[in-house]
Every structure is written in structure tokens, then in C-alpha cells.
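> Before we start, here is the structure in question, set down as C-alpha cells.
Taken together, the values in this text are just the output of simple stated rules run on the coordinates, not laboratory data. Remember, predicted model here, so these are calculated numbers, not experimental data. Virtual Cβ from ideal backbone geometry, glycine too; neighbours counted across all protein chains shown.
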Amino acid sequence: MVSADRALKGRLNAIVVERPHLVFANSMLAPTPDGTETAYVAMGCFWGAERKFWELPGVVSTCVGYQGGYTPNPNYQEVCTGETGHAEAVKVVFDPTRVSYAEILRCFYESHNPTQGNRQGADIGTQYRSAIYYVNESQADIARRVTASYAVTLRDAGYGDITTEIALAGPFYMAEEYHQQYLIANPNGYCGLGGTGVSCPVGLATN
């Protein structure tokens, strides 16, 4: 992992995606709607990761970007060098009356292998690490409980330790337009995600 003092310098101007969401037809730049909550996760290549969440009932918007690093307003080429410190992340806006944060994390954990460190399958590098970036202490508590519970389940199934980073959410930098809802625009596009096949028992962790 690159250190803050060695990270790329970045730039002042953010990437702006003005077209509407290809699934929900809403603006990805609009303020979060009243009554919704936001989750940030990283789980390998964000093309396939975003699809997992726009397909989840109760999610009202998604977008992909770069999070957890040091470089302000990085672009994709910079992130892929590993010299910005960012992970490929998904911003998930959801209606908590329809889907809980714990259920968001269940989708997160069951959709990738969180024991692989800085990789996900054939995708290797710090930008492909597993991470949960919480926005408040309630989310942090749920994330730690779900992770601890799932760690036991995975070990019982023969997997190694969970390597998922759990940290306070820092700036989320939106990725370029061609990355947003990539598997809608490119139905036969690449998706390197593969789960473990082990169910994540969130009920036990949050009760």
C-alpha cells in the first residue's frame, strides 16, 4: 500500500457524470433523497460489484468511484497504478424501510471472497481489496458484528481469515462515465467477481 507522502498528487477538478443512472433513471449527482441512507463498499472490480447492488430490492441508486486512498480526484489510470491508495468502490443509496444496512453487508460478503487480500480472483492490486467504509458509529458496529460472525462461518467452511478493511468513509471520488453501470452499457462485459458460496448469517450478528 502506497504511503500518503508517496501518493500521486491528483488534481482540483472532480470527474462529473451528468447522464442519468442507466437503471434507476435518476441523477447520480443529486443530493441523497430524504429517508434514504448511504453505504460504501469495495469488493474487487467495481463493474460487477455495482450490479450486485442495483439488483438488490430496496436500493434506489448506485454509482462507482474511488475511495480509501490519498490522491484527490484520481482517474482510473492513476488508481490502477496502485499509487493513489484508493479501492474501486461502490456508493449504495438505499431505503432502510425496505433493506437494512446488515442486508447490504450480506450482499457485499456473499458476492465476493473477502479472504484474498489485495486481489479478487485474477484481479490483483490494492485497488481490488475488500473494504467497508462506514458513515457513522451505527454502521461501524453493524459492520464489525457481521464481519466477526461471518469470519467464524468462513473458517468453519475451510476459508482463511477475512481481510476486509473496515474504516470511516473518506472522500468518494466518482469514476468516469464509462464505468458507471458498466454491465448495462456492456451486457457481455467483464465481471471478475466470484463469491465463496458460504451464506452470511446477518440475523445472528445484529440481534
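> Only sites in a loop by DSSP and with at most 13 other Cβ atoms within 10 Å count here; which GluC sites (Glu not before Pro) in region 6-87 make the cut?
Glu18, Glu55
> From the phi angles alone, apply the Karplus equation (6.51, -1.76, 1.60; θ = phi - 60°) to region 109-116 and give each ³J(HN,Hα) in whole Hz, x where the residue is Gly or Pro.
Each residue of region 109-116 in turn: 5, 7, 9, 8, 9, x, 10, 9 Hz.
> Gain in length, Asp141 to Asp95, computed as 0.36 nm per residue apart minus the alpha-carbon separation, to one decimal in nm?
Additional length available on full extension: 14.6 nm.
> Through the Karplus equation 6.51 cos²θ - 1.76 cosθ + 1.60, θ set to phi - 60°, convert the phi angles of region 123-134 into ³J(HN,Hα) values in whole Hz; use x for Gly and Pro.
7, 10, x, 5, 5, 9, 5, 8, 7, 10, 10, 7
> Search the structure for amide H atoms under 5 Å from the amide H of Glu165, placed 1.01 Å from N in the peptide plane, and list their residues when 5 or more places away or on another chain.
For Glu165, the qualifying residues are Ser130, Ala131, Ile132.
> When the helix-only estimate is applied to the chain (DSSP H runs of n ≥ 4, each -39,500 (n - 2.57), divided by the residue count), what is the mean residue ellipticity at 222 nm, nearest 500 deg cm²/dmol?
Dividing the helical sum by the residues of the chain leaves -7000 deg cm²/dmol.
> Can I ask one more? Which is farthest toward the positive dipole end of the chain among Ser138, Val64, Gln127, measuring Cα position about the Cα centre, with Cβ charges +1 (Lys, Arg) and -1 (Asp, Glu)?
Looking along the dipole axis, the top candidate is Gln127.
> Given (1) 118; (2) 163; (3) 132, which label gives volume of the Cα convex hull per residue in Å³ as computed from the coordinates?
Matching the structure shown: (1).
> What is the calculated FRET efficiency for Glu55 to Leu12, with r their C-beta to C-beta distance and R₀ = 25 Å, to the nearest 0.05?
0.10
> Under a GNM of the chain (C-alpha, springs under 10 Å), which listed residue has the highest mean-square fluctuation: Asp156, Asp34, Asp95?
Result: Asp34 has the largest fluctuation of those listed.
> Okay, moving on. Going by C-beta contacts inside 10 Å, put Arg6, Arg155 in order with the fewest on the left.
Ranked by crowding around the Cβ, least crowded first: Arg6, Arg155.
> Let me ask you something else. Testing the spin-label approximation: label points 7 Å from Cα along Cα→Cβ at Arg19 and Thr163. State their distance in nm.
A separation of 3.4 nm, rounded to one decimal place.
> Given Cβ point charges of +1 (Lys, Arg) and -1 (Asp, Glu) and nothing else, what value in debye, to the nearest 20, does the dipole of the chain about its Cα centre take?
180 debye
> Give me Met28, Met174, Met1, Met43 ranked fewest to most by other Cβ atoms within 10 Å of their Cβ, as a rough exposure proxy.
Taking fewest neighbouring Cβ atoms as first place, the list is Met1, Met174, Met28, Met43.
> For region 25-39, take each phi angle, set θ = phi - 60°, evaluate the Karplus expression 6.51 cos²θ - 1.76 cosθ + 1.60, and give the result in whole Hz per residue in order, putting x for glycine and proline.
Per-residue couplings from phi come out as 6, 9, 7, 7, 9, 5, x, 4, x, 4, x, 9, 10, 10, 10 Hz.
> Between Val152 and Asn26, what length in nm is gained on full extension when 0.36 nm per residue of separation is reduced by their alpha carbon distance?
Using 0.36 nm per residue and subtracting the Cα-Cα distance, I get 41.4 nm.
> While we're here: Under 10 Å, Cα contacts only: if you run a Gaussian network model on the chain, which one of Thr62, Thr126, Thr163 comes out with the highest mean-square fluctuation?
Of Thr62, Thr126, Thr163, the most mobile in the Gaussian network model is Thr163.
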